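Since the structure comes first, as structure tokens, the remarks are kept for the end.
The values are calculated or read from the model by the stated rules, or taken from the named source; none is laboratory data. The structure presented is a predicted model; accordingly, all values stated were derived computationally and were not measured. Every residue, glycine among them, receives a Cβ derived from its backbone with ideal geometry; neighbour counts consider all protein chains shown.
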Amino acid sequence: MMTAPVILKAYYTAPEGQVHYRYAKALVKDETKCPIMFMHMSASSSFIYEELMERCAAEGYDCYAPDMPGFGASYNPNNMPEGIKYYVEVFMLLAKHVGLTKFHAFGHHSGASMATEMATLYPEQILSLTVVGPCLLTREEQIEHTSGGLLEYGTRPVMDGSHMMKVWGILQKQEADWDVLKMNQEAIDWIRAWEGKVQCYTNVFSQPMIKIMGDVRCPVLGMVSEKDILYPYFPRLKEIKPDSTTAIVQGGDWEVMKDAKGCCTAFVDFACKLPK
């Protein structure tokens, strides 16, 4: 008999290749608690959700977290994906694969952009939307954020291996509070996703996220750390969705990994108040 949730791994098939995902089953099945699909940020993988999935599974939720195409152990897109919808459709194949008819969409940074669009495209299946550090930027701000090389292949592999130290340095500069083993895995994921990162950001920073968020009809939970790079834009969530629930958590840009406890508590408190 299991005494703690176990993270398992599997694949499903999409039109361009195989998609890797992690999943954890609820320890005690509660029919009132529908599954959660977690969507990670760039240039991470579903690894960042492991502790949060364990905690949510312990609270009675089945949890699924796919690696985006171009990230983790998933396939590389053949060409530049045409819009965030590309990723949404790939993730909805996971819902079909495991039989999710209704579920909670949960996204972090780039994953929040995907979860938000998913909620507008599949309103009959998405029970609620949770966004952690949502990218609620105007078009002018999107251009400003990408003007510093964000859409360049800055960590393209080179023979002397300097791209690996470049990634390590970026992670150290962005966050001082790292568990070295988690940082090591994050660096591995970033190195792998040198091309997928540019594909993802090209689409994230051209998506009209503010408008799309306004089109969401399900209940919305927003979370952010005050040290998140997107924290200054977080108040826009309440402006767009006055009835949304918001919470401040810890963890800098890596809230879902570094403050899994806080994120789980905020989600469970939010979900338990939703209509059954």
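If the condition is being surrounded by fewer than 18 Cβ atoms within 10 Å (Cβ to Cβ) and not basic (Lys, Arg), then the stretch 74-85 contributes Asn76, Asn78, Asn79, Met80, Glu82, Gly83.
Restricting attention to the stretch 158-173, the residues that are surrounded by fewer than 13 Cβ atoms within 10 Å (Cβ to Cβ) and either in contact with a helix residue (DSSP H, G or I) (Cβ under 7 Å, 6 or more places away or on another chain) or in a helix (DSSP H, G or I) (or both) add up to 5. The set of residues in the stretch 164-191 that are touching a residue at least 24 places away in the same chain (Cβ under 8 Å) and β-branched (Val, Ile, Thr) comprises Val167, Ile191.
Filtered by the rule that a residue be assigned to a helix (DSSP H, G or I) and surrounded by 18 or more Cβ atoms within 10 Å (Cβ to Cβ), the stretch 174-194 gives Glu186, Ala187, Asp189, Trp190, Arg192. Those strands (runs of 3 or more DSSP E) of the stretch 1-86 in which at least 1 residues are over 17 Å from the mean Cα position of the chain (by Cα), considering only elements entirely within it, cover 8-14, 17-24.
Among (1) over 21 Å from Val249 (Cβ atoms); (2) within 16 Å of the chain's Cα centre (by Cα), which single condition is Arg192 missing? Tallying (1) over 21 Å from Val249 (Cβ atoms); (2) within 16 Å of the chain's Cα centre (by Cα), Arg192 fails exactly one: (2). Which of the residues spanning the stretch 200-209 are β-branched (Val, Ile, Thr) and farther than 10 Å from Gln142 by Cβ? Within the stretch 200-209, Thr202 is the sole residue that qualifies. Scanning the stretch 43-65 for residues that are more than 25 Å from Thr32 (Cβ to Cβ) and crowded, with 24+ Cβ neighbours inside 10 Å returns Ala43, Ser44, Ser45, Ser46, Ile48.
Selection of the stretch 104-126 for residues being touching an Asp or Glu at 6+ places or on another chain (Cβ under 8 Å) and outside any helix (DSSP H, G or I) yields His108, His109.
So, in the stretch 133-151, of the ones that are surrounded by 11 or more Cβ atoms within 10 Å (Cβ to Cβ) and assigned to a loop (DSSP other than H, G, I, E, B), which residue ends up modelled with the lowest pLDDT? Per the stated criteria, the residue is Leu150. Working only within the stretch 91-122, note down all residues that are surrounded by 24 or more Cβ atoms within 10 Å (Cβ to Cβ) and on the phi > 0 side of the Ramachandran plot. Passing the criteria: only His109. Among all positions in the stretch 88-103, there is at least one residue which is modelled with pLDDT of 95 or more and in a strand (DSSP E or B).
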